[in-house]
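Note sheet for the following structure.
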Amino acid sequence: MVEPIGNQYVVSRPVYSENSFHNENQKIHRYHKTFLDHLRLFFGCSAEKAKRVAYTFFPIASWLPMYRIKEWIVNDIVSGISTGLVAVLQGLAFALLVNVSPGYGLYAAFFPVIIYFFFGTSKHISVGPFPVLSLMVGTAVLRLVPDNPADPDINEKRVVVAASVTVLAGIFQLALGLLQVGFIVIYLSDSLISGFTTAAAIHVLISQLKFVLGLTVEPFSGPLALFYSLEGIFTQITKTNIADLVTSIIIMVVVFAVKEINDRFKAKIPVPIPIEVIMTVIATGVSYGFNFQQKYGVAIVGKLEKGFQPPLAPSISVFKDCVADGFSIGIVGFAVAFSVAKVYSIKHDYVINGNQELVAFGLSNIFGGCFRGFAASTSLSRSAVQESTGGKTQVAGLLSAIIVMIVTLAIGFLLEPLQKSVLAALVVINLKGMLMQFNEIPNLFRKDKYDCLVWVVTFVAAVLLGLDLGLAAGVGFELLTVVFRAQFPKCSQVANVTGTEIYRNRKDYTNIQEPQGIKIFRCPSPIFFANIDFFRDKLTAAAGFNPLRVLRKRNKALRKIMKLLDKGELHTTPKGVISTSFDTNESDYEEIDNNHIEELDKPINTADLPIVIDWNADLPNNIKVPRIDLHSLIIDFGAVSFIDMSGMKGLKAIMKEFIKVDVDVYIAGIDSNLLEKLERCGFFDDDITTSIIFVTVHDAVLHIFIKKNLQSIYKYRESKEEIKETKFDAMNTPNKDSKANDYSVAIGSQL
């Protein structure tokens, strides 16, 4: 019964062990589906299920018929044009990271968008090239097709490799989506993604320096490639093309300044100033008008083929050589896109489907790769443009693809005089958001040092080893931190907060009391093979003694006493053992301790002996045995989510060791499923029975009070002036009257 009294409540109920609780409260036996039931459900078909599956795999069917043309079309048109112009420039720029001709960047900005329009579930992300993915594809391209000026087909070979790696990444994404394992993204934590993308931004920055400076530097891939690239840049720094450098600096300064204005006054500016487009048009006109290529020897975009080239079949040999690249590209691309999509879905209150997103990006990359594009995800800056300019649905994305198509089919030739250094400058400016993630390190260090360590290790590994190996190292280290957190949990001893039934860490509060002779141990972790020894050590430390050592000392002392009794040097009375003045030499019995070590681990049965020994009293003839002030040990299982067979075996062993030295052991707050597993696995026996399992820690404590015939006074503060006391009287015959098992606890706010 619960009676509310103001901001307090009074509880009156029996002390519940798990046995008594189940006796009074009948449990519903639910039918648990078998594997065959799940198969029938999965392969079964109904009109409702068919409709749900159709809407799942073709999300466009659920939102396009409800499209509000009058309300949304203008916003989507403005957003589509703005996003399309940015997509054209980023496609050209990110193609430099893939080490293919800039024109193929337009393919990567067109084909994936069309496929995502039909299969994607996010309304706001802008699908297309992403600098991190482009660099990862470019790393594979350089590894398989290194620089060789004598090879006239090198560009075509690189396109084949880039397209094949993209198709492979799409196959992985599609397979994971169809297998409904979109949850795999949970293994890439926010701190890991942040550290990885920051390292990737460093790689991108270094890779673009050669274009900014107008240098010809041999590309590198693999571990330490970043440092080899820096070495190549600095050894040729005196050959810097001044025209490229000046142009890049002007572009970066102006674009950065206007972007800051856009961010600061975004509430007042209806549409962000398209400064990237404006500066690109100006730079293209200046380069064409003053013939920069001939006068200053700058590298330009060059000829852009009008129209789309025919599709090509991916290379199986590239598949074999790039399995790891394809998988990592697929996972990173999905993780980044899903993270951005989730932000906008929360902001605009709609649901995205992780598995369907995998399917959508898988199909987008397969389709885009077959048409000579490279890996697509979403660009943070491009998605921000699409959302901030009023985009309501993926119709804006479709219109942005149409802008890219117009450039590809009709006006792409106008961009041919554009300097590559301008594209490189735009890439560098777009790295600002990722480079600013360095600011997360102090915050992570204050909030969670493990997450901070994951960030730093992932960043360092990706910088030193490259993006593919760095990602693998980061994921491995992240999983290792999970193991360490579970293997070495922060165990604690808890005690009662005065006047309540609440138990907290005894080191954290002043108004807390630990019942005499009772220790309450809490382990906030699963108990399994990796941490059972740690659990044993912490439990022993909480108890204050090693029960196995105490047991051996007691058995050794008992053998001495029995030997003295046999010699007549001791005699007994009904009250215990009475000693003579004979002094026993401790060394006479060392042989027993050494030769019968296994027997000393077993308690000697004193039921048939005419003696009763108080092990905490002074023993005769200077026999020394460690004294134990503990009579009950409660293990709080409230935070234990599972226990494996090794953990079960170790727990049972340590519990029996305490029982052998007359310490009662109880388990409190155990989950019902975990209790069922203990029963199913034969955990309980004659020594450890289900009667030691209690619903809460407080139930276990009150049971001990009853059993030990103790009294406990619980105090609570009702006001600054008045203190009320509720007293629990343990009765000699607690089962005679059920009221003897009732208790009342008053809980009040601490004033």
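The values are calculated or read from the model by the stated rules, or taken from the named source; none is laboratory data. Owing to the predicted nature of the structure, the values given are computational and were not obtained by experimental measurement. Here the Cβ is made from the backbone with ideal geometry for all residues, glycine too, and neighbour counts use every protein chain on show. Side chains included, ligands, DNA and RNA excluded: accessible areas come from the protein's heavy atoms. Shrake-Rupley method; radii C 1.70, N 1.55, O 1.52, S 1.80 Å.
The table for this structure:
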| quantity | calculated |
| --- | --- |
| Ile250, sole failed condition from (1) in a helix (DSSP H, G or I); (2) in contact with an Asp or Glu (Cβ under 7 Å, 6 or more places away or on another chain) | (2) |
| Residue match in the range 627-635 (condition: within 18 Å of Ala557 (Cα to Cα), at pLDDT 75 or above and surrounded by fewer than 19 Cβ atoms within 10 Å (Cβ to Cβ)) | yes |
| Failed criterion for Gly476 (all others in (1) in contact with a helix residue (DSSP H, G or I) (Cβ under 8 Å, 6 or more places away or on another chain); (2) open to solvent by less than 70 Å² (accessible area, probe 1.4 Å) hold) | (1) |
| Ala401 in a helix (DSSP H, G or I), modelled with pLDDT of 90 or more and surrounded by fewer than 21 Cβ atoms within 10 Å (Cβ to Cβ) | no |
| Scan of the range 227-248 for residues that are under 44 Å from the mean Cα position of the chain (by Cα) and over 30 Å from Leu464 (Cβ atoms), ordered by number | Thr247 |
| The range 253-280, residues that are in a helix (DSSP H, G or I) and farther than 15 Å from Ala93 by Cβ | Val253, Val254, Phe256, Ala257, Val258, Lys259, Glu260, Ile261, Asn262, Asp263, Arg264, Ile278 |
| Test set (1) crowded, with 19+ Cβ neighbours inside 10 Å; (2) closer than 26 Å to Ser339 by Cα - Gln419 fails condition number | (2) |
| Matching option when the condition is assigned to a helix (DSSP H, G or I) and either out of contact with any His (no Cβ under 6 Å at 6 or more places or on another chain) or crowded, with 19+ Cβ neighbours inside 10 Å (or both), among Gly391, Gly368 | Gly368 |
| Residue that is surrounded by fewer than 18 Cβ atoms within 10 Å (Cβ to Cβ), more than 24 Å from Asn148 (Cβ to Cβ), in contact (Cβ under 8 Å) with a residue 24 or more places away in the chain and of a type in the set (Val, Ile, Thr), where the choices are Val258, Val253, Val277, Val246 | Val277 |
| Residue that is modelled with the lowest pLDDT [pool: residues in the range 217-236 that are touching a helix residue (DSSP H, G or I) at 6+ places or on another chain (Cβ under 7 Å) and either open to solvent by 80 Å² or more (accessible area, probe 1.4 Å) or part of a helix (DSSP H, G or I) (or both)] | Glu218 |
| Residues located in the range 334-372, provided they are small (Gly, Ala, Ser) and either in contact with a Gly (Cβ under 9 Å, 6 or more places away or on another chain) or farther than 19 Å from Ala140 by Cβ (or both) | Ala337, Ser339, Ala341, Ser345, Gly354, Ala360, Gly362, Ser364, Gly368, Gly369 |
| Which listed residue is out of contact with any His (no Cβ under 7 Å at 6 or more places or on another chain), at pLDDT below 90 and not hydroxyl-bearing (Ser, Thr, Tyr), from Val318, Val323, Val336 | Val336 |
| Any hit, the range 38-48, residues being among the aromatic types (Phe, Trp, Tyr), over 37 Å from the mean Cα position of the chain (by Cα) and at pLDDT below 90 | no |
| Qualifying helices (runs of 4 or more DSSP H) (wholly inside the range 3-102; at least 2 residues being surrounded by fewer than 17 Cβ atoms within 10 Å (Cβ to Cβ) and of a type in the set (Val, Ile, Thr)) | 47-57, 69-98 |
| Residue ID - surrounded by the fewest Cβ atoms within 10 Å (Cβ to Cβ), chosen from residues in the range 311-334 that are in a helix (DSSP H, G or I) and among the polar types (S, T, N, Q) | Ser317 |
| Looking only at the range 515-528, and only at residues there that are open to solvent by less than 30 Å² (accessible area, probe 1.4 Å) and touching a Leu at 6+ places or on another chain (Cβ under 9 Å), the one that is modelled with the lowest pLDDT | Pro515 |
| Verdict on Gly433 being open to solvent by 30 Å² or more (accessible area, probe 1.4 Å), touching a Ser or Thr at 6+ places or on another chain (Cβ under 9 Å) and under 25 Å from Asn99 (Cα atoms) | yes |
| Selection from the range 138-189 of residues that are aliphatic (A, V, I, L, M), surrounded by fewer than 21 Cβ atoms within 10 Å (Cβ to Cβ) and not in a helix (DSSP H, G or I) | Ala150, Leu179, Val181 |
| Residue within the range 503-514 that is in contact (Cβ under 8 Å) with a residue 60 or more places away in the chain and either surrounded by 18 or more Cβ atoms within 10 Å (Cβ to Cβ) or hydroxyl-bearing (Ser, Thr, Tyr) (or both) present | yes |
| Residue that is most open to solvent (accessible area, probe 1.4 Å) [pool: residues in the range 287-310 that are out of contact with any strand residue (DSSP E or B) (no Cβ under 7 Å at 6 or more places or on another chain) and in a helix (DSSP H, G or I)] | Tyr288 |
| Ile115 being closer than 30 Å to Gly302 by Cβ and at pLDDT 85 or above | yes |
| Residue identified as part of a loop (DSSP other than H, G, I, E, B), surrounded by fewer than 12 Cβ atoms within 10 Å (Cβ to Cβ) and either in contact with a Pro (Cβ under 9 Å, 6 or more places away or on another chain) or at pLDDT below 85 (or both) among Asp618, Asp588, Asp566 | Asp618 |
| Output for the range 529-544, where each listed residue is out of contact with any Phe, Trp or Tyr (no Cβ under 8 Å at 6 or more places or on another chain) and either open to solvent by 70 Å² or more (accessible area, probe 1.4 Å) or not β-branched (Val, Ile, Thr) (or both) | Phe529, Ala530, Asp533, Phe535, Arg536, Asp537, Ala541, Gly544 |
| Members of the range 658-669 that are surrounded by 21 or more Cβ atoms within 10 Å (Cβ to Cβ) and in a helix (DSSP H, G or I) | Phe658 |
| Whichever residue in the range 344-354 is of a type in the set (A, V, I, L, M) and open to solvent by 90 Å² or more (accessible area, probe 1.4 Å) and, among such residues, is modelled with the highest pLDDT | Val351 |
| Test: residue in the range 545-560 that is modelled with pLDDT of 85 or more, closer than 30 Å to Ser189 by Cβ and exposed (fewer than 15 other Cβ atoms within 10 Å of the Cβ) | no |
| Unique match (being under 26 Å from the mean Cα position of the chain (by Cα) and on the phi > 0 side of the Ramachandran plot) among Gln173, Gln180 | Gln180 |
| Count of the range 436-473 residues which are out of contact with any helix residue (DSSP H, G or I) (no Cβ under 9 Å at 6 or more places or on another chain) and basic (Lys, Arg) | 2 |
